[in-house]
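**Q** Sharing a structure below in structure tokens format, with a few things to ask.
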Amino acid sequence: MKYMLIMRATDEAFAGMMNTDFNEMLETVGKYNDEMIRAGVLLAAEGLDDAAEGVVVDHTSEQPVVTDGPYGETKELFGGFYLLNVASKEEAIEWAKRSPITGPGFKTEIRRVPTIDEFPQDNEWIKKERAWREATGQL
């Protein structure tokens, strides 16, 4: 089963992390990533750029409204993710508990990623996506 570990931090926690020595952070996170690679569970991992560099496309009105970052109220920034292939939610939780990015204001949200097999296989769009996944080696 695939699970996404969504790394979240408050503005204050994120700012504090930016005060950490970059090489030290790479070493700490690198060891964690290597542990997941050696265990054969890591499928993908990415961090995100500063929210001030991002934009939001709001579809509330008839015409989408684009707003540049930083955002007025960020409470918990989505800072990156890990995509794991594990046997259960409990195993995903155990990996999240081992995260080296810890402290007040840091959280990891865990969400299962449904597989294409869980969708109606006779749907034309599912058939097209399945063909694309097979052609790109994802299935």
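**Q** Within the stretch 1-112, considering only helices (runs of 4 or more DSSP H) that don't extend past its boundaries, which have at least 1 residues that are under 29 Å from residue 137 (Cβ atoms)?
**A** By residue number, 22-39, 89-97.
For (1) open to solvent by less than 90 Å² (accessible area, probe 1.4 Å); (2) in contact with a His (Cβ under 6 Å, 6 or more places away or on another chain); (3) under 22 Å from residue 14 (Cα atoms), each residue gets a yes or a no:
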residue	(1), (2), (3)
55	yes, no, yes
61	yes, no, no
64	yes, no, no
68	no, no, yes
92	yes, no, no
104	no, no, yes
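**Q** When residues of the stretch 113-139 are filtered for being open to solvent by 60 Å² or more (accessible area, probe 1.4 Å) and either part of a strand (DSSP E or B) or of a type in the set (Asp, Glu) (or both), how many remain?
**A** 6
**Q** OK, next. Does the stretch 23-43 contain any residue that is open to solvent by less than 90 Å² (accessible area, probe 1.4 Å), at pLDDT below 85 and touching a Phe, Trp or Tyr at 6+ places or on another chain (Cβ under 9 Å)?
**A** no
**Q** Moving on to the next point. Of the residues 107, 97, 89, which single one is within 27 Å of residue 20 (Cβ to Cβ) and touching a residue at least 24 places away in the same chain (Cβ under 8 Å)?
**A** Details: 97 fails: touching a residue at least 24 places away in the same chain (Cβ under 8 Å); 89 fails: within 27 Å of residue 20 (Cβ to Cβ).
Only one candidate qualifies: 107.
**Q** Charged (D, E, K, R), modelled with pLDDT of 95 or more and farther than 30 Å from residue 49 by Cβ: is that true of residue 94 in this structure?
**A** Numbers: charged (D, E, K, R): yes; modelled with pLDDT of 95 or more: yes; farther than 30 Å from residue 49 by Cβ: no.
In short, no.
The values are calculated or read from the model by the stated rules, or taken from the named source; none is laboratory data. Just so you know, these numbers come straight off a predicted model, no measurement behind them. Because the Cβ atoms are built from the backbone with ideal geometry, glycine has one as well, and the counts that use them run over all protein chains shown. The area values use the complete protein model at the heavy-atom level, side chains included, leaving out ligands, DNA and RNA. Shrake-Rupley method; radii C 1.70, N 1.55, O 1.52, S 1.80 Å.
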